[in-house]
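**Student:** Here it is: the structure, laid out below.
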Amino acid sequence: MTDTAARDDAWFYAEGGQRKGPVPTDKLRELLAAQTIDGETPVWRKGLADWQPLRTTEIGMQLKDTPPPIAANRVNNGLVWALALAPLAYLFVEVALLNYQNSHPAGDEFFEVFLSPLSWLVPVLTNAVLCLVDTEQLKRAGYSSGWLTLFALLLAPVYLFLRAQRLRQTPTYGFVWIASFIVSIILRAA
């Protein structure tokens, strides 16, 4: 294959607001099969006037073999609403732990070894479980994305905003998380 032919076969695609590529047609098909990109991903190659959705190109014919994602309004948002209100629930866990600590003598080994770590373990593990279960639900609905899982494990509020963007929803649950986090901080200080 000549260098000119390689450039004619080279595609660029947009991901996360950045231009990626050049990649050959086969690599673009692999990304599509792995659901790293989808039919709405903007793509461009030599000969195209402007960026266009992948589904409108010849590679988009591969999309006809797979069903489209379920409509975003049909995806269950219960887990993300639980996640959005979770900072308030964690406050109750912390209050319960503090009440236990205050009602028992200082130097309580049971509290220090088992209960004290719960003040940070419960939020971390609960957030991770809620986010991971939700990402699996999104994969089954056709909204697969590996990078979304990364944010699910690291930062719950970022995950909520990225999820809303991926499903083209208003990020109300992200704003609710921020509000409930602020309220939990105010209540802790009181």
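The values are calculated or read from the model by the stated rules, or taken from the named source; none is laboratory data. Since the structure is predicted, the reported quantities are computational estimates derived from the model, not experimental observations. Glycine also receives a Cβ, built like all others from the backbone with ideal geometry; neighbour counts cover every protein chain displayed.
**Student:** Taking the condition of being within 25 Å of ILE186 (Cβ to Cβ) and either part of a helix (DSSP H, G or I) or among the β-branched types (Val, Ile, Thr) (or both), how many residues in the range 104-123 meet it?
**Tutor:** Result for the range 104-123: 7.
**Student:** Against the condition among the acidic types (Asp, Glu), at pLDDT below 90, surrounded by fewer than 12 Cβ atoms within 10 Å (Cβ to Cβ) and touching a helix residue (DSSP H, G or I) at 6+ places or on another chain (Cβ under 9 Å), how does GLU58 come out, does it pass?
**Tutor:** Yes; evaluated as a whole, the condition is true for this residue.
**Student:** OK, next. Out of (1) out of contact with any Gly (no Cβ under 9 Å at 6 or more places or on another chain); (2) more than 22 Å from ASP26 (Cα to Cα), what's the single condition that is false for ASP50?
**Tutor:** So the condition that ASP50 fails would be (2).
**Student:** When both residues are 6+ apart or on different chains and their Cβ atoms are under 6 Å apart, which pairs have a first residue that lies in the range 109-133 and is under 16 Å from LEU150 (Cβ atoms), and a second that is among the charged types (D, E, K, R) and exposed (fewer than 12 other Cβ atoms within 10 Å of the Cβ)?
**Tutor:** none
**Student:** Ok, one more. Filter the range 149-190 for residues that are in contact (Cβ under 8 Å) with a residue 60 or more places away in the chain and not in a helix (DSSP H, G or I) and give the result.
**Tutor:** Answer for the range 149-190, where residues must be in contact (Cβ under 8 Å) with a residue 60 or more places away in the chain and not in a helix (DSSP H, G or I): LEU167, ARG168, GLN169.
**Student:** Pull up the range 134-169, narrow it to residues that are β-branched (Val, Ile, Thr) and under 20 Å from THR41 (Cα atoms), then point me to the one that is modelled with the lowest pLDDT.
**Tutor:** THR149
**Student:** Condition first: surrounded by fewer than 19 Cβ atoms within 10 Å (Cβ to Cβ) and in contact with a helix residue (DSSP H, G or I) (Cβ under 7 Å, 6 or more places away or on another chain). Now tell me which residues in the range 146-166 satisfy that.
**Tutor:** Matches in the range 146-166: THR149, LEU153, VAL158, PHE161, ARG166.
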